[in-house]
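Values quoted throughout were computed directly from the atomic coordinates according to the rules given, and no laboratory measurement underlies them. Treat the numbers as computed from the prediction; the structure is a model and nothing was measured. For neighbour counting, all protein chains shown are included, and Cβ atoms are generated from backbone atoms with ideal geometry for every residue, glycine included.
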Amino acid sequence: MSLHLRFNLNRGPLQLKLDLAVNAGETLALVGPNGSGKTTCLHAAAGLISIDHGTILLNGAVLDDGTGNAFVPAEQRDIGIVFQEHRLFPHMSAQDNVAFGLRAHGIGRKAARLTAAAWLSRMGLGDFAAEKPHSLSGGQAQRVALARALAKAPRLLLLDEPLAAVDASARQDLRRDLATHLRAFAGPRIIVTHDAVDAFVLADRIAVLEGGRIVQTGTTEAISSNPRTRYVADLIGLNFFRGVVRDSALELKNGARLIVVSQHQGNAVATMHPRSVALFHEQPIGSPRNAWPAPIEALEPALDSVRVRIGGQAPLVAEVTAATVASMGLRPGLTIWVAIKATEVHVRPE
Amino acid sequence: MMFGKVRTALVLAVLLAASACHRRTTGPHSIRVFAAASLGAPISAIAKVFEAQHPDLRVELNFAGSATLLMQLREGAVADLLATADEQSMATVATWDLTSGSPRIFAQNQLAIVVRKGNPKGITALKDLARSDLAIGLCGPEVPAGRYAREALETAKVTVHPRTLETSVQALVGKVSLGELDAGIAYRTDANRDSVAAVAIPNAHNVTVHYLIATLSHGLQRSGADAFCAMVLSKEGQDLLHAHGFLAP
Amino acid sequence: MKRRSSSSLRVLVALLTAIAVALFALPILAIVTSAPWSRLIEQLSSVPVQQALGLSLISSFGAVLLAVLLGLPLALWLSQSTSLLRTIVRIIVTLPIVLPPVTAGIALLLAYGRSSLVGAQFERWFGFSLPFSTAATVVAAAYMGMPFFVLSVEAGLRALDPRYLDAAASLGAGPWRRLWSVTLPMIQPSLRTGILLCFARALGEYCATQMFAGNLPGSTRTLPLACAVAMEVDPELAIGLSLILASLSIAVLFVLRHSWTPRR
């Protein structure tokens with residue numbers, strides 16, 4: 001039991017070319033910036049669009065081979081999809097929404113409604129069976145959508161940003177429920193997201209899609225310990241630089257230099273945690289080998305700290321406490337001294 | 001022209017709407033003539049000659065079915081002359097004290113069976129109109145031509161099952177000329193064009209229609225109206241009427 | 001200064017608004033006040049009026065039936081893209097809305113009359129020619145009314161988020177189930193608007209019917225035709241018939257009242 005996607009697909013500016021396999025019982029998170037082709041990839045797997053070349057195989061059976069002859073339309077693929085905005089049918093009750101897929105598979109009205117009611121109870125929504133979607137909260141609606149996708153026992157489960165349209169307050173609960181139901185689902189499952197937390201909590205494996213190409217795949221641990229692109233580093237909250245190591249300094253493309261401790265010479269990527277970036281009003285005197293003045297571009301409150309986005313030749317993020325922001329008077333536009341110890345810069349050959 | 005009459009009806013409808021909506025705007029030197037639709041061609045021709053002879057006068061023409069003309073007059077339309085296709089309409093106007101002087105008969109007309117050019121269905125007499133293989137149209141009883149047609153059919157003891165009761169002679173003849181109707185009863189003057197032909201109805205069964213003209217008491221161009229009236233009754237006017245198929249009174 | 005100019009503007013707007021309202025309200029008021037109320041029941045229960053009313057209902061419901069049967073597939077096809085072909089077809093289908101009805105009648109007569117190719121074939125198949133038949137009143141009414149249905153439904157279909165259909169497909173619904181269980185229920189307001197507008201337009205159809213279907217009591221003389229004929233012989237009856245026609249139209253617009261103002 002597995003899903004295999006290996007195809008080319010050109011849609012407007014997007015040129016998607018990928019080779020991905022997802023095993024039964026495995027959740028793959030497809031992450032990437034906007035326009036990288038995540039949703040298009042999901043739609044190709046779902047049969048909502050057809051591919052140009054290549055093959056899509058589910059349990060060895062061809063769903064699409066780019067010729068049009070083998071294309072299996074969505075309604076015959078036996079898949080479950082949860083969309084970003086729940087897309088529950090507005091003219092049907094929650095129960096009828098969940099029963100819809102069962103009815104489409106030829107199950108009688110009564111039986112379908114019974115099964116639907118059971119699914120709603122399992123989602124903790126037994127009391128909302130008769131409600132129309134517009135009277136449900138975002139989190140409730142998304143649970144109904146999940147029940148609707150799962151009720152007809154699909155062979156493949158696809159989730160497209162299932163948490164993006166849900167309030168922050170409801171997101172955590174929904175994420176936990178999602179994790180439970182994903183684990184209970186036996187087939188391959190793919191979740192598209194741009195949120196690192198979703199990817200790390202829900203997925204067993206992550207594939208990073210940028211510009212239509214997979215730039216990195218791996219377990220969550222492998223990805224977070226070794227981000228290969230700025231996007232991945234940003235995703236997991238690390239500062240990221242790419243350049244050439246020469247004489248214990250990493251030379252960036254724009255000429256800026258970063259003193260590093262590395263045996264390696266040549267092309268390399270470097271990461272550093274935002275917490276190891278120190279900020280000073282004056283040029284610091286002491287151990288940090290890297291120090292330069294740069295303007296503050298933005299302040300972004302994080303969970304229990306503030307992320308200070310800094311511009312200049314080597315843009316990076318520093319993480320400081322809210323008390324520091326207040327005592328130092330940090331604000332966008334202010335020029336400040338940035339200092340990083342060479343030992344805090346992690347260099348990996350590329 | 002295939003839809004000559006239909007198009008005329010269209011133009012008339014527009015004119016009618018326009019003339020009913022504005023009061024005289026063309027100044028004191030124009031005579032307004034209200035005339036039955038069937039008089040369109042000869043009265044227009046007479047008006048042209050009249051204008052040539054009276055360079056200081058213009059003739060405004062308004063053609064419509066008799067019932068419409070009456071309604072316009074009742075609702076306050078102002079005209080100098082009225083020419084109707086029947087005595088009854090003129091009598092009605094007289095009861096409103098709108099006519100000045102007694103109306104004069106200036107032309108006569110007779111009914112005819114109007115068929116397509118070449119008479120493809122071989123219609124020769126009123127009794128043919130009872131044939132079940134023919135699509136026959138008449139005018140409705142609210143139109144004088146419709147009433148006369150009924151009189152003629154009754155006199156000839158012919159029962160017709162019309163497919164439609166048109167609200168104007170023009171519409172009826174138009175549908176015959178398009179071939180949608182095989183025949184209809186209209187005035188002999190209506191068959192005066194390329195796409196249709198007239199089959200005469202013998203005098204014994206026919207109805208003679210009198211056309212009356214009268215000056216109107218609320219008219220603004222009394223002398224001009226009298227002059228136009230005189231021209232209609234003159235040899236010149238009568239010749240033009242005859243050329244369009246009308247009979248002398 | 002500013003206050004004064006704004007208040008004089010308000011007076012002007014109020015005045016013009018009042019004139020505008022009067023322009024539309026007075027004719028309806030005139031019909032209502034001139035209606036021969038004491039004779040109304042007797043008038044309306046007369047055989048010719050009943051016949052005309054029956055024919056009007058047949059032609060209007062027939063037009064709605066044709067509109068749904070033929071207009072729905074057409075609207076589905078039109079809504080799928082904006083190609084040149086579809087634009088041309090949309091213009092052709094919309095034409096009767098702006099075409100002078102008399103032109104529409106002439107066109108119908110030329111296209112489906114018995115001297116036309118289509119009309120001749122029709123006569124061969126059904127044994128009667130289309131013009132001057134009750135069927136012709138349906139065709140004329142449908143020709144004039146269906147564009148409203150097609151435009152309304154097409155607008156509804158275009159406004160329908162296609163992602164709902166993706167969702168339905170992912171749940172295993174084939175094209176028919178998607179159409180029946182998702183598309184149609186979701187465009188129901190446009191369907192209702194389209195049907196009512198089509199019905200109302202068909203009910204009021206006069207000129208094209210007279211031109212194409214003729215004017216025979218009991219066969220093709222619908223209410224508007226009866227009304228026009230009555231105006232020549234019995235104006236009181238004409239006003240009574242106008243009252244029915246106006247009431248039916250007002251009823252349709254009342255049912256549709258929410259379609260013009262956004263509901264919150």
| C:Leu237: net charge of surrounding residues, Cβ under 12 Å, Lys/Arg +1, Asp/Glu -1, itself excluded? | -4
| Counting other Cβ atoms within 10 Å of each Cβ, which trypsin sites (Lys or Arg not before Pro) in the stretch A:207-262 have at most 14 and sit in a DSSP loop? | A:Lys253
| remark: Relative to chain A, whose Cα atoms define the longest principal axis, helix A:138-151 and its Cα axis are tilted in degrees, nearest 10, by 50 degrees
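Using Cα pairs under 8 angstrom and six or more residues apart, how large is the relative contact order of chain B, in percent?
Working: 463 pairs, mean separation 74.2, N = 249.
RCO, chain B: 30 percent.
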| said: Given a 10 angstrom Cα cut-off, can you work out which residue in C:Ile97, C:Ile195, C:Ile19 is the most mobile in a GNM of chain C? | reply: C:Ile19
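List the GluC sites (Glu not before Pro) in the stretch A:244-333 that DSSP assigns to loop (not H, G, I, E or B) and whose Cβ has at most 11 other Cβ atoms within 10 Å. Which are they?
Working: sites: A:Glu251, A:Glu282, A:Glu297, A:Glu319; in loops: A:Glu282.
In loop regions of the stretch A:244-333 (DSSP not H, G, I, E or B), the sparsely surrounded GluC sites (Glu not before Pro) are A:Glu282.
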| In nm, to one decimal, how far is the modelled label at A:Met328 from the one at A:His53, with both set 7 Å along Cα→Cβ? | 5.2 nm
| message | Checking the cross-link filter: which lysines have an alpha carbon closer than 27 Å to that of A:Lys341, excluding same-chain neighbours under 8 positions apart? | response | A:Lys253
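Give, rounded to the nearest 20 debye, the magnitude of the charge dipole that chain A has about its Cα centre when Lys and Arg contribute +1 at Cβ and Asp and Glu contribute -1 at Cβ.
Numbers: 36 positive and 31 negative charges, 80 e Å.
That gives chain A a dipole magnitude of about 380 debye.
Please state the relative contact order of chain A as a whole percent: Cα pairs under 8 Å, 6+ residues apart?
Numbers: 733 pairs, mean separation 55.4, N = 350.
Computed over chain A, the figure is 16 percent.
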| said: Going Cα to Cα from B:Lys48, which lysines come in below 21 Å? Please leave out same-chain ones fewer than 8 positions away. | reply: B:Lys5, B:Lys235
| message | If the only charges are +1 at each Lys and Arg Cβ and -1 at each Asp and Glu Cβ, what is the size of the charge dipole of the stretch A:36-162 around the Cα centre, to the nearest 20 debye? | response | 560 debye
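Can you give the helix-only mean residue ellipticity at 222 nm for the protein assembly as shown, where every DSSP H stretch with n ≥ 4 adds -39500 (n - 2.57) and the sum goes over all residues, rounded to the nearest 500 deg cm²/dmol?
Details: 31 runs with 383 residues, N = 863.
Result for the protein assembly as shown: -14000 deg cm²/dmol, rounded to the nearest 500.
Please state, rounded to one decimal and in Å, the Kirkwood hydrodynamic radius that the protein assembly as shown gives when every pair of distinct Cα atoms enters the mean of 1/r. Don't skip to the end; give the middle numbers.
Numbers: mean 1/r = 0.0285 Å⁻¹.
Every distinct Cα pair counted, the radius reaches 35.0 Å.
List the trypsin sites (Lys or Arg not before Pro) in the stretch B:100-148 that DSSP assigns to loop (not H, G, I, E or B) and whose Cβ has at most 16 other Cβ atoms within 10 Å. Which are they?
Numbers: sites: B:Arg104, B:Arg116, B:Lys117, B:Lys121, B:Lys127, B:Arg131, B:Arg147; in loops: B:Lys117, B:Lys121, B:Arg131.
Passing both the DSSP loop test and the Cβ count: B:Lys117, B:Lys121, B:Arg131.
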| Signed unit charges on C-beta, dipole axis of the protein assembly as shown, positive-most listed residue C:Ala30, A:Val277, B:Leu233 | A:Val277
| the stretch A:1-142 - Rg over Rh from alpha carbon coordinates, Kirkwood radius | 1.03
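Only counting other Cβ atoms within 10 Å, I'd like B:Leu98, A:Leu178 sorted with the fewest neighbours first. Can you show the working numbers first?
Numbers: B:Leu98 20, A:Leu178 23.
If I rank by nearby Cβ atoms, fewest first, I get B:Leu98, A:Leu178.
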| note | Taking every C-alpha to C-alpha distance in chain B and binning by 5 Å from 0, the per-bin percentages run 1, 6, 14, 18, 19, 16, 11, 8, 5, 2, 1, 0
| said: Nothing charged except the Cβ atoms of Lys and Arg (+1) and of Asp and Glu (-1): what's the magnitude of the dipole of the stretch B:110-200 about its Cα centre? Round to the nearest 20 debye. | reply: 160 debye
| message | Cut-off under 19 Å on the C-alpha distance; same-chain residues fewer than 8 positions from A:Lys17 excluded. Which lysines are left, in chain and number order? | response | A:Lys38
| field | Considering only the protein assembly as shown, percent of DSSP beta bridges that pair antiparallel, nearest 5 | value | 70 percent
| query | Quick one: helix A:109-122 against the long Cα principal axis of chain A, what's the angle to the nearest 10°, folded into 0 to 90? | reply | 30 degrees
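C:Leu248: net charge of surrounding residues, Cβ under 13 Å, Lys/Arg +1, Asp/Glu -1, itself excluded?
Numbers: positive: C:Arg201; negative: C:Glu205.
Here the charged neighbours net out to 0.
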| request: Report the Stokes-Einstein translational diffusion coefficient (µm² s⁻¹, integer) for chain A, Rh taken as the Kirkwood radius over Cα pairs, at 25 °C with viscosity 0.890 mPa s. | output: 108 µm²/s
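Counting other C-beta atoms within 10 Å, which of C:Ser152, C:Ser8 has the fewest, and how do the rest follow?
Numbers: C:Ser152 24, C:Ser8 10.
If I rank by nearby Cβ atoms, fewest first, I get C:Ser8, C:Ser152.
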| query | If each of A:Asp127 and B:His29 carries a label point 7 Å out from its Cα toward its Cβ, how far apart are those two points in nm? | reply | 9.3 nm
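Below 8 Å, C-alpha to C-alpha, sequence gap of six or more: please give me the relative contact order for the stretch B:110-200 in percent. Write down the numbers at each step before the final one.
Details: 174 pairs, mean separation 44.7, N = 91.
This gives 49 percent for the stretch B:110-200.
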| task | Give me the distance in nm between label points sitting 7 Å out from Cα along the Cα-to-Cβ direction at B:Ser102 and B:Ala227, one decimal. | result | 2.7 nm
| note | When the charge dipole of chain B is computed with +1 at the Cβ of Lys and Arg and -1 at the Cβ of Asp and Glu, the Cα pointing farthest to the positive end, of B:Gln221, B:Thr95, B:Thr124, is that of B:Thr124
| query | Farthest toward the dipole's positive end in the stretch A:237-349, which of A:Gln265, A:His346, A:Gln313, given Cβ charges of +1 (Lys, Arg) and -1 (Asp, Glu) about the Cα centre? | reply | A:Gln265
| remark: A:Gly243 neighbourhood, Cβ < 15 Å, K/R = +1, D/E = -1, net charge +4
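Using the reciprocal of the averaged 1/r over all distinct C-alpha pairs, how large is the Kirkwood radius of the stretch C:47-260 in Å? Don't jump to the answer; show the numbers that get you there.
Values: mean 1/r = 0.0542 Å⁻¹.
Every distinct Cα pair counted, the radius reaches 18.4 Å.
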